[in-house]
Amino acid sequence: MASTTQLDIPPAPPARPRRPGSTGRAGDKIFLSLSRGSGILLLLIMASIAVFLSYRAATAISKDEGNFFTTFDWNPAGDPPVFGIAVLLFGTVVSSIIAMVIAVPVAVGIALFISHYAPRKLAAPLAYVVDLLAAVPSIVYGIWGALVLVPYLEGLNLWLDQFFGWTYIFEKTEVGVARSLFTVGILLAIMILPIVTSVSREVFLQVPKMNEEAALALGATRWEVIRLSVLPFGRSGIISASMLGLGRALGETMAVATVLSPSFLISLHVLNPGGGTFAQNIAAKFGEADAFGRDALIASGLVLFVLTLLVNGAARLIIARRKEYSGANA
Amino acid sequence: MSNATTTDVRDQRPQTRPGTHGTGLSSRSLPRWAPLGFAAVSVALAVGISTAAGWQSRVQWGLIAALLFLAISYVATTVVENQRQAKDRLATSVVWVCFLAAVVPLASLLWTTVSRGSERLDGYFLSHSMAGVLGSEATGGVYHALIGTLEQVGIATVISAPLGLLTAVYLVEYGKGGLARAVTFFVDVMTGIPSIVAGLFILSIMLIAGLEPSGLMGALALTILMIPVVVRSTEEMLKLVPNELREASLALGIPKWRTILKVVLPTAIGGITTGVMLAIARIAGETAPIILLVFGSQLINTNPFEGAQSSLPFYIYEQYKIGEAASYDRAWAAALVLIAFVMILNLVARGIARWKAPKTGR
Amino acid sequence: MAKRIDVGGLTAYYGSHKAIEDISMTVEPRSVTAFIGPSGCGKSTFLRTLNRMHEVTPGGRVEGKVLLDDENLYGSGVDPVTVRRTVGMVFQRPNPFPTMSIFDNVAAGLRLNGSYRKNQLSEIVEKSLKGANLWNEVKDRLNKPGSGLSGGQQQRLCIARAIAVEPDVLLMDEPCSALDPISTLAIEDLIGELKERFTIVIVTHNMQQAARVSDRTAFFNLSAVGKPGRLIEIDETERIFSNPSVQATEDYISGRFG
């Protein structure tokens with residue numbers, strides 16, 4: 001990972017007499033202010049996202065008769081208006097955790113497969129296909145999940161219930177189709193697989209040849225080469241890839257909205273249909289919401305925003321801490 | 001490209017016949033066809049076990065076969081070779097299993113979309129809107145949604161591409177100190193903003209300013225999603241431009257801004273174009289902001305600045321929700337159109353990247 | 001310990017390109033053999049065939065045989081992993097594992113092979129670092145990352161890592177070309193000490209270095225660009241530098257080409 005190139009080149013003194021009419025200095029100023037201006041504009045956009053969302057959210061929460069964090073209901077149009085995010089927070093976190101547990105190891109495996117295991121002729125086209133799959137829009141995953149995956153998973157759900165029901169988590173207490181948080185987690189895992197794979201593979205390919213050769217020359221097997229030089233070098237890359245995937249999973253709207261059959265209940269029986277996520281709830285409730293209902297949805301969106309901020313911040317911190325050890329003096 | 005620089009550990013296994021008991025450098029090892037044999041045995045066993053137990057789902061069969069495969073190859077290698085080779089073999093098997101496990105759903109996704117989508121996809125579908133079509137009727141088309149998508153994505157690109165490009169130039173060519181660090185940090189943060197949150201942001205502005213839903217509002221939300229992608233990819237490309245080029249130009253007395261415009265950007269232009277196109281492909285599939293901000297429509301509305309519009313991803317969702325056989329067909333057909341659009345953008349973008357890539361003299 | 005290498009009719013390819021052709025030579029145990037020759041003559045490629053690192057390059061393959069005390073490295077049933085354990089290598093640019101501490105770097109090979117007792121590990125690491133003349137400089141910071149050392153120290157760390165597994169042969173691919181003169185001197189002194197225990201083969205671009213450190217010198221050349229490299233002659237270093245038997249060697253040594 002190339003560290004940020006700090007261009008520290010002082011403006012070169014003119015090597016020959018400046019041609020008359022040359023506007024180097026003025027040009028530099030204009031160009032600098034243009035580019036700095038867009039950077040500042042970006043910061044302004046970020047700030048206003050936070051400000052506007054908080055403002056609307058505050059309006060909504062101040063009129064909420066329930067507790068915004070603990071109420072198991074979403075009825076801003078009711079009298080009195082009651083809504084809370086507990087169920088949404090739970091559903092979002094649980095489905096994302098399921099997705100990460102499945103997707104990250106598999107994605108690292110596929111990335112290694114492409115970078116170090118697949119026959120050379122197969123590797124390049126495979127990488128290409130994975131990159132293309134990363135671009136498949138989430139709504140397509142959504143209808144595929146609802147119309148193809150859900151029926152397929154019913155057998156698996158019964159089987160999990162039969163053999164792992166004792167874990168409580170995999171106990172299926174309600175009959176019904178597999179429109180559960182577990183199915184959502186699997187679908188999210190499939191969705192984020194390509195992007196996590198793609199980023200990890202990119203990092204694995206950047207492992208300096210000499211690091212791998214160092215391991216080889218010590219008499220390392222292929223797996224040991226990977227463990228000694230590829231994985232340590234790629235660790236921060238894997239983390240940032242996973243966080244990228246987690247960010248997608250947390251905020252994914254369409255795939256959840258199409259697959260989940262929502263309910264305002266918290267249950268650790270992840271195979272039961274029901275539950276909800278922030279994004280799914282916003283998409284589902286938006287159509288029928290009045291002005292106040294929209295503010296309430298914005299309030300829940302603010303929580304999602306903060307959640308993704310925290311995830312991203314954590315990822316940055318981990319990567320920054322790793323940096324000193326990655327010692328890319330290559 | 002980067003393949004050339006990787007060390008090839010693919011064919012590291014000793015090429016041996018089984019049973020060669022050697023001393024010193026050679027050692028006992030499994031034959032080359034062993035993994036295939038293990039795979040065949042585990043699949044056979046898995047089918048046997050599942051049939052015996054009466055399990056229907058093929059998902060289970062696959063899981064059992066995968067676990068058996070891992071176990072058999074580990075044990076066999078430990079017995080015949082040694083612990084280290086067994087670990088190596090286990091890793092190889094795990095990686096293969098990961099790959100195969102991921103191929104199945106992704107292939108199913110593509111295959112379903114293509115086969116179901118091609119049922120309804122024709123010239124009529126592409127050139128008609130949903131005006132006056134009931135959900136259960138097997139007519140109607142996607143024309144209005146196509147127009148909506150093109151216009152919304154077009155506006156978003158016109159705003160984000162220059163902004164993103166300039167920001168990246170600032171970060172790479174000028175950036176030092178607090179401001180650059182802040183921008184870098186918040187670009188990262190922006191990359192992680194869920195599309196629905198971007199939609200809610202524009203929605204809150206709309207609520208405050210009393211604006212009506214329109215294509216433009218959707219495009220603004222897409223802009224927020226697109227800018228960080230453009231900044232990131234452009235930044236990467238600019239960093240790849242060797243410093244020697246900049247120094248060579250500066251040493252000739254060429255001012256910095258002209259160096260950037262005439263030397264740095266042209267060198268990186270292929271990669272930058274690719275980045276922008278990939279960003280377009282990414283936002284073209286966004287549904288959530290459109291639901292909130294563009295409202296959706298059955299009619300053709302060519303004016304993105306006024307009135308509700310549709311868009312391809314929104315259309316797919318809408319048709320899915322109707323829940324009739326005919327609307328499912330339309331959803332799949334539109335999904336195929338959307339995937340084709342995104343894929344073509346991707347292919348062209350990658351083509352440009354390859355074509356414009358700096359020639360490595362080899 | 002220190003084994004003799006006998007190469008017979010060795011040809012190496014990159015894909016369809018023949019990099020070196022029909023090389024035969026003997027490398028004596030407990031001595032330093034230097035490979036010299038103009039750029040692109042295949043001396044590094046040849047070096048990498050001696051521990052089967054050549055086949056790691058995409059498209060790389062080898063014909064012919066390399067006997068290590070009568071055992072053919074390219075024989076059937078030979079595991080390249082074992083070969084590389086037996087024939088250690090030091091690279092042109094120092095390549096310590098960047099995420100590992102100095103101690104872990106030296107211990108890496110031992111840990112892979114698992115052939116040590118727990119309490120022996122630090123003993124072997126100390127011995128190897130001493131063997132690489134690095135102990136005094138790093139003994140107080142064994143837990144710091146290896147990438148924090150200077151270039152010359154890193155290269156000696158790599159040598160320590162290579163000798164920790166007690167290989168029979170040590171290959172060095174231009175080990176000093178990325179180093180400053182003082183570090184170079186340190187490495188050259190070290191080579192002089194190491195040859196008491198190992199068979200050493202060193203590729204170098206620097207003829208003075210070959211003259212200083214080696215007992216025997218092999219001169220490689222290629223007839224034209226794109227043609228495979230060949231071994232022109234191998235002899236006592238003194239003979240090569242004073243009275244070579246082939247005209248091309250003399251031309252190269254005296255700086256008339258290359």
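Read the figures in this text as sums done on the coordinates, not as results from a lab. Please read all numbers here as calculations on a predicted model, not as lab measurements. Cβ: placed from backbone, ideal geometry, glycine included. Neighbour counts: every protein chain shown.
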Two-site label geometry, C:E238 and B:R58: point separation in nm, points 7 Å out along Cα→Cβ: 7.8
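What is the gain in length, in nm to one decimal, between B:E137 and B:L179 on full extension, counting 0.36 nm per residue of separation less the C-alpha to C-alpha distance?
Values: separation 42, 0.36 × 42 = 15.12 nm, distance 5.70 nm.
Contour length minus the Cα-Cα distance gives 9.4 nm.
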Provide the net charge surrounding C:K130, with neighbours chosen by a C-beta distance below 15 Å and charges set as Lys +1, Arg +1, Asp -1, Glu -1. -3
Under a point spin-label approximation (7 Å from Cα along Cα-to-Cβ), what is the A:E174-B:L252 distance to one decimal in nm? 7.1
Counting only DSSP beta bridges with both residues in chain C, what percent are antiparallel, rounded to the nearest 5? 60
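Per residue of A:156-163, what is the mean number of Cβ atoms on other protein chains within 10 angstrom of that residue's Cβ? Each step should come with its number before you reach the end.
Values: counts 7, 2, 4, 8, 1, 0, 2, 0.
Going residue by residue through A:156-163 and averaging, the value is 3.
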Taking Cα atoms only, helix B:312-322 is inclined relative to the longest principal axis of chain B by an angle, in degrees rounded to 10, of 80
Could you check the spin-label model distance between C:D251 and A:F164? Points 7 Å from the Cα along Cα→Cβ, value in nm. 7.3
Answer check: region A:68-121, Cα atoms, Kirkwood Rh, Rg/Rh ratio of 1.45
Please work out the C-alpha center-to-center distance from region B:243-273 to region C:215-258 and express it in whole Å. 45
Dipole in debye (nearest 20) - the protein assembly as shown, about Cα centre, beta carbon charges: Lys, Arg +1; Asp, Glu -1: 1680
Taking Lys and Arg as +1 and Asp and Glu as -1, residues besides B:I193 with C-beta under 12 Å from its C-beta add up to -1
Tally Lys/Arg at +1 and Asp/Glu at -1 over every other residue whose Cβ is under 13 Å from the Cβ of B:T274; what's the total? +3
Under Karplus coefficients 6.51, -1.76 and 1.60, residue-wise ³J(HN,Hα) of region A:244-261 in Hz, glycine/proline x: 4, x, 4, x, 5, 5, 4, x, 5, 9, 5, 4, 6, 4, 7, 8, 6, 9
log10 I(q)/I(0), Debye, Cα-only region C:215-258, no solvent, q = 0.13 Å⁻¹? -0.26
What does the convex hull of the alpha-carbon atoms of region B:110-194 project to on average, in nm²? 8.9
Give the angle, between 0 and 90 degrees and rounded to the nearest 10, that separates the Cα long axis of helix B:58-80 from the longest principal axis of the Cα atoms of chain B. 40
Cross-link partners of C:K65 among aspartates and glutamates (Cα-Cα below 20 Å; sequence separation of 8 or more within a chain): B:D11, C:D6, C:E21, C:D22, C:E28, C:E55, C:D79, C:D168, C:E233
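Past 23 Å, Cα to Cα, is the threshold; run A:K209/B:K356; B:K239/B:K356; C:K18/C:K43; A:K209/B:K256; C:K18/C:K195 against it and keep the listed order. Numbers along the way, then the final one.
On the way: A:K209/B:K356 26 Å; B:K239/B:K356 16 Å; C:K18/C:K43 13 Å; A:K209/B:K256 35 Å; C:K18/C:K195 32 Å.
Listed pairs above 23 Å: A:K209/B:K356; A:K209/B:K256; C:K18/C:K195.
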Fraction of beta bridges assigned by DSSP in the protein assembly as shown that are antiparallel (%, nearest 5): 60
To the nearest 20 debye, what is the magnitude of the charge dipole of region C:1-104 about its Cα centre, counting +1 on the Cβ of each Lys and Arg and -1 on the Cβ of each Asp and Glu? 280
Amide N proximity, region B:136-172 versus B:L245 label position 7 Å along Cα-to-Cβ, cut-off under 17 Å: B:165-166, B:168-172
State the answer as a single residue: which of A:F204, A:S240, A:L153 lies farthest towards the positive end of the charge dipole of region A:118-272, with beta carbon charges of +1 for Lys and Arg and -1 for Asp and Glu, about the Cα centre. A:F204
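Inside 10 Å of the C-beta atoms of B:284-292, what's the mean count of C-beta atoms belonging to other chains?
Details: counts 2, 8, 5, 11, 12, 1, 1, 8, 9.
For peptide B:284-292, the averaged partner shielding equals 6.
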Answer in debye to the nearest 20: the dipole magnitude of chain B about its Cα centre, from +1 Lys/Arg and -1 Asp/Glu charges placed on Cβ, is 1620
Taking chain A as the reference, fit the longest principal axis to its C-alpha atoms, fit the long axis of helix A:120-133 to the helix C-alpha atoms, and give the angle between the two in degrees, 0 to 90, nearest 10. 60
Return, ordered by residue number, the residues of region C:51-77 whose backbone nitrogen is under 15 Å from a label point located 7 Å along Cα→Cβ of A:L122. none
If you take each beta carbon of peptide C:69-77 and count the beta carbons of other chains within 10 angstrom, what is the mean? 4
The farthest towards the positive end of the charge dipole of region B:130-276, of the residues B:G275, B:L225, B:V142, given +1 on Cβ of Lys and Arg and -1 on Cβ of Asp and Glu, is B:G275
Straight-distance crosslink candidates among lysines, where the alpha carbon sits under 26 Å from A:K285 and sequence neighbours closer than 8 are dropped: A:K63, B:K321
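Work out the P(r) tail for chain A: percent of alpha carbon pairs separated by more than 32 Å, whole number. It would help to have the intermediate numbers written out before the result.
Values: 25341 of 54285 pairs.
Beyond 32 Å sits 47 percent of the P(r) for chain A.
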Rounded to the nearest 0.05, FRET efficiency between B:L347 and B:S115 (Cβ-Cβ, R0 25 Å) equals 0.75
Give, in whole angstrom and from largest to smallest, the semi-axes √(5λ) of the equivalent ellipsoid of the protein assembly as shown, with λ running over the eigenvalues of the Cα gyration tensor. 57, 36, 25
